[in-house]
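As structure tokens, the structure follows; a few thoughts come after it.
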Amino acid sequence: QVQLVESGGGLVQPGGSLRVSCTASVSIFSFNVMGWYRQAPGNQRELVATINSDGYTDYADSAKGRFTISRDIFKKTVYLQLNNLKPEDTAVYYCNAKRPQLDSWGQGTQVTVSS
């Protein structure tokens with residue numbers, strides 16, 4: 001059973017920054033791709049950013065230029081750096097890990113952008 005544990009969410013003012021983390025119970029090299037998704041109240045869960053086993057990254061249009069996904073292999077952790085946050089970025093941010101026959105989710109971490 002793979003476990004993903006997110007942390008680092010919180011309350012931040014518009015224009016501020018935050019870094020959320022996702023620590024896996026196994027080596028993150030075992031996954032084909034890891035990603036961050038978010039879900040705001042009343043909305044569907046949407047993809048924010050992904051990083052694959054080769055380190056290639058991809059972003060949703062709303063994240064490009066503001067968010068950065070990265071990883072620390074030794075810490076088994078994937079990060080999402082959130083810069084220039086806007087109120088519309090308020091959501092629960094979820095970590096996801098995929099490989100054949102596995103699609104694992106974390107419990108989520110709340111990010112609230114408000115003055």
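Determine whether ALA63 is part of a loop (DSSP other than H, G, I, E, B), buried (at least 17 other Cβ atoms within 10 Å of the Cβ) and at pLDDT 95 or above. Can you show your working first?
Details: part of a loop (DSSP other than H, G, I, E, B): yes; buried (at least 17 other Cβ atoms within 10 Å of the Cβ): yes; at pLDDT 95 or above: yes.
Yes; evaluated as a whole, the condition is true for this residue.
Write out, first by first residue and then by second, each pair whose Cβ atoms fall under 6 Å of each other, whose residues are 6+ apart or on separate chains, and whose first residue, in region 17-30, is closer than 18 Å to GLY55 by Cβ and in a strand (DSSP E or B) while the second is open to solvent by 20 Å² or more (accessible area, probe 1.4 Å) and of a type in the set (Ser, Thr, Tyr).
Once the first residue is closer than 18 Å to GLY55 by Cβ and in a strand (DSSP E or B) and sits in region 17-30, its partners that are open to solvent by 20 Å² or more (accessible area, probe 1.4 Å) and of a type in the set (Ser, Thr, Tyr) give SER21/SER7; SER21/TYR79.
Table: residues versus (1) among the charged types (D, E, K, R); (2) closer than 26 Å to SER115 by Cα.
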residue	(1), (2)
LEU18	no, yes
CYS22	no, no
PHE31	no, no
ALA49	no, yes
SER53	no, no
GLY65	no, yes
ILE69	no, yes
LYS86	yes, yes
VAL92	no, yes
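Condition first: under 10 Å from the mean Cα position of the chain (by Cα) and closer than 20 Å to GLY8 by Cα. Can you find one or more residues in region 52-66 that meet it? Spell out how you get there, then give the answer.
In the first step, residues of region 52-66 are kept if they are under 10 Å from the mean Cα position of the chain (by Cα); the result is none.
There is no residue in region 52-66 that is under 10 Å from the mean Cα position of the chain (by Cα) and closer than 20 Å to GLY8 by Cα.
Examine region 27-35 for a residue that is in contact with a Gly (Cβ under 8 Å, 6 or more places away or on another chain) and open to solvent by 20 Å² or more (accessible area, probe 1.4 Å), and state whether such a residue exists. If you could, list the steps in order and put the result at the bottom.
Initially, region 27-35 is screened for residues in contact with a Gly (Cβ under 8 Å, 6 or more places away or on another chain), giving none.
There is no residue in region 27-35 that is in contact with a Gly (Cβ under 8 Å, 6 or more places away or on another chain) and open to solvent by 20 Å² or more (accessible area, probe 1.4 Å).
Suppose we filter region 6-26 for residues that are on the phi < 0 side of the Ramachandran plot and open to solvent by 40 Å² or more (accessible area, probe 1.4 Å); how many remain?
From region 6-26, those on the phi < 0 side of the Ramachandran plot are 6-7, 9, 11-14, 16-26; that's our starting set.
From the residues that got through so far, the ones that are open to solvent by 40 Å² or more (accessible area, probe 1.4 Å) too are 7, 11, 13-14, 17, 19, 23, 25-26.
The qualifying residues number 9.
Anything in region 66-113 that is open to solvent by less than 60 Å² (accessible area, probe 1.4 Å) and among the hydroxyl-bearing types (Ser, Thr, Tyr)? List them, or say none.
Within region 66-113, SER70, THR77, TYR79, THR90, TYR93, TYR94, SER104, THR109, THR112 meet the criteria.
Can you tell me which residue is nearest to ILE69 (Cα to Cα) among those in region 36-48 that are open to solvent by 50 Å² or more (accessible area, probe 1.4 Å) and not polar (S, T, N, Q)? Break it down stepwise before answering.
Kept after step one, since they are open to solvent by 50 Å² or more (accessible area, probe 1.4 Å), are these residues of region 36-48: 39, 41-47.
When the remaining residues are screened for being not polar (S, T, N, Q), the result is 41-42, 45-47.
Values: PRO41: 23, GLY42: 25, ARG45: 18, GLU46: 15, LEU47: 12 Å.
The qualifying residue nearest to ILE69 (Cα to Cα) is LEU47.
Which residue out of ASP54, ASP58 is part of a strand (DSSP E or B) and on the phi < 0 side of the Ramachandran plot? Break it down into steps so the answer makes sense when it comes.
Details: ASP54 fails: part of a strand (DSSP E or B).
Of ASP54, ASP58, the one residue that is part of a strand (DSSP E or B) and on the phi < 0 side of the Ramachandran plot is ASP58.
The values are calculated or read from the model by the stated rules, or taken from the named source; none is laboratory data. As the structure is a computational prediction, the values presented were derived from the model and not from experiment. All Cβ positions, glycine included, derive from the backbone under ideal geometry; neighbour counts span all protein chains shown. Note: accessible area is taken over every heavy atom of the protein model, side chains too, but ligands, DNA and RNA are not part of it. Shrake-Rupley method; radii C 1.70, N 1.55, O 1.52, S 1.80 Å.
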